[in-house]
Structure formats: structure tokens, C-alpha cells
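Visitor: Please read through the structure below; I'll follow up with questions.
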Amino acid sequence: MKEFWNQRYAGEEYAYGRDANNFFSHWIDKLPAGRLFLPGEGEGRNAVFAASKGWNVTAFDQSETAKEKALNLATENEVSIEYKTGSILDVTVEKEHYDLIALVYFHLLPEARERYHAYLMSGLKKGGVILMEVFNKDQLGNESGGPKDLDLLYDLDDIINDFKGLEVLYAAQEQVLLNEGAYHQGMAEVIRFAGKKV
């Protein structure tokens, strides 16, 4: 899988664009800057945007190519981000450390998803927020991006259940028009979620 993502990110262009995801940027503008963790961050579009708003950003991805492009994007925008590479098992999340954890099109198989979401909640400070925008199961068959495996697509009830320890600030299954680089183009079926640790 790492080879797949290294190949996807190998081009000169940014596969999912240089601009932050809309749902993510909307929340970044509402929340006071603090510590942010971005798993599966790819080429750095969300990390760089958040850093430009004063956030202390830690990102990770399995792709070394993605890291290189993310750091280049940060340099272009005159911001600094911390970027780690490895699998989700390699990256330790400190307990009660982050003010915001954002999962933007970060998809895992069900068993790994449940365990990892619980692990991420432990990394939130009190008052911290988890944000998520992911493809839901109705996305299968659309050409606007996302996994082609139903098990890797999400269900809103499962997400709410995974984060049942959080106060739900926003949770919806929505149809959105994506315009994020070459690989997220067109109408898409997504889940948008925001939950706060109380």
C-alpha cells in the first residue's frame, strides 16, 4: 500500500490540490489555535493551512513522497510543520496532548478503524475536538474518489458509535461537490463529523 501512495504522490502536481479541505478549513477558522494532529495527511494541504493560522501541527503518512511534498509546500508558504512517516502503528499519540485531531479522507478497515478511533480520543485534551470528513458507503460507484472496497467506506452510525465518548457538535451524511486536485472531482457522498471531549 505504501508503494501505491508513493506512486500517487510522485507527480509534480499535488494529487488532492494545495488548498485545504473545505470542512476542515471551516472548523480551523472557528477554533482557537493549539496543537493539531493529522493522520494520513498526504501532501500537506491541511497541515500547511492550519500552520498558517497559528496551529502547532504534527502530521503523518506512510508515504515518504508525500512528506517531501508537504515540507516543500510548507516552505513555499513560509510555515513550519512536523511530519512523521510510518504506519499508524508506528506513530505514538500522547495522551491528552492535542486540541484538535482531524481525519480527512483517512480510511481504515472496520476492526482497525474502531481501535484507532478509540486511541485517538485518548490523545485529545479536555475540550479538544475530533474532525472527520470521509466517504460513506453510498460513494461506491462514484468516480469522484475514495476506496473501491465497501469495507473501507464508512457509515454515519458507526462513526457516532466510535466516538460515543465525545459531545457531538456536527454529524451528517452529505452530498458534496469535490474540487480537490485530480483525484477528488465531482459529486461525492461523504460523512462530516465533529465531536468534543468534555
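Read-outs: derived from the displayed coordinates by stated rules, not from any lab. Just so it is clear, the structure is predicted and the values come from calculations on it, not from any experiment. Cβ coordinates were reconstructed from backbone atoms using ideal geometry, including for glycine residues, and neighbour counts include every protein chain displayed.
Visitor: Select from segment 103-114 the residues that are exposed (fewer than 12 other Cβ atoms within 10 Å of the Cβ) and part of a loop (DSSP other than H, G, I, E, B) and list them in ascending order.
Guide: Within segment 103-114, just 109 meets the criteria.
Visitor: Within segment 1-29, track down each residue that is surrounded by fewer than 17 Cβ atoms within 10 Å (Cβ to Cβ) and either in a loop (DSSP other than H, G, I, E, B) or aliphatic (A, V, I, L, M) (or both).
Guide: Within segment 1-29, 1, 10, 11, 12, 13, 19 qualify.
Visitor: If I go through segment 63-77 residue by residue, how many of them are hydroxyl-bearing (Ser, Thr, Tyr) and either surrounded by fewer than 23 Cβ atoms within 10 Å (Cβ to Cβ) or touching a strand residue (DSSP E or B) at 6+ places or on another chain (Cβ under 6 Å) (or both)?
Guide: Qualifying residue count, segment 63-77: 2.
Visitor: Separate question: Please work out which one of (1) under 14 Å from the mean Cα position of the chain (by Cα); (2) part of a helix (DSSP H, G or I) is the condition residue 100 fails and give its number.
Guide: So the condition that residue 100 fails would be (2).
Visitor: Picking from 17, 34, which residue would you name as being touching a strand residue (DSSP E or B) at 6+ places or on another chain (Cβ under 6 Å) and farther than 24 Å from residue 116 by Cβ?
Guide: Just one listed residue meets the conditions, 17.
To keep it simple, each residue is scored yes or no on (1) in a strand (DSSP E or B); (2) in contact (Cβ under 8 Å) with a residue 12 or more places away in the chain; (3) under 16 Å from the mean Cα position of the chain (by Cα).
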| position | (1), (2), (3) |
| --- | --- |
| 32 | no, yes, no |
| 41 | no, yes, yes |
| 46 | no, yes, yes |
| 59 | yes, yes, yes |
| 71 | no, yes, no |
| 75 | no, no, no |
| 91 | no, yes, yes |
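Visitor: Continuing with this model, one more query. What residue, of 122, 144, is among the polar types (S, T, N, Q) and surrounded by fewer than 17 Cβ atoms within 10 Å (Cβ to Cβ)?
Guide: On inspection, the qualifying residue turns out to be 122.
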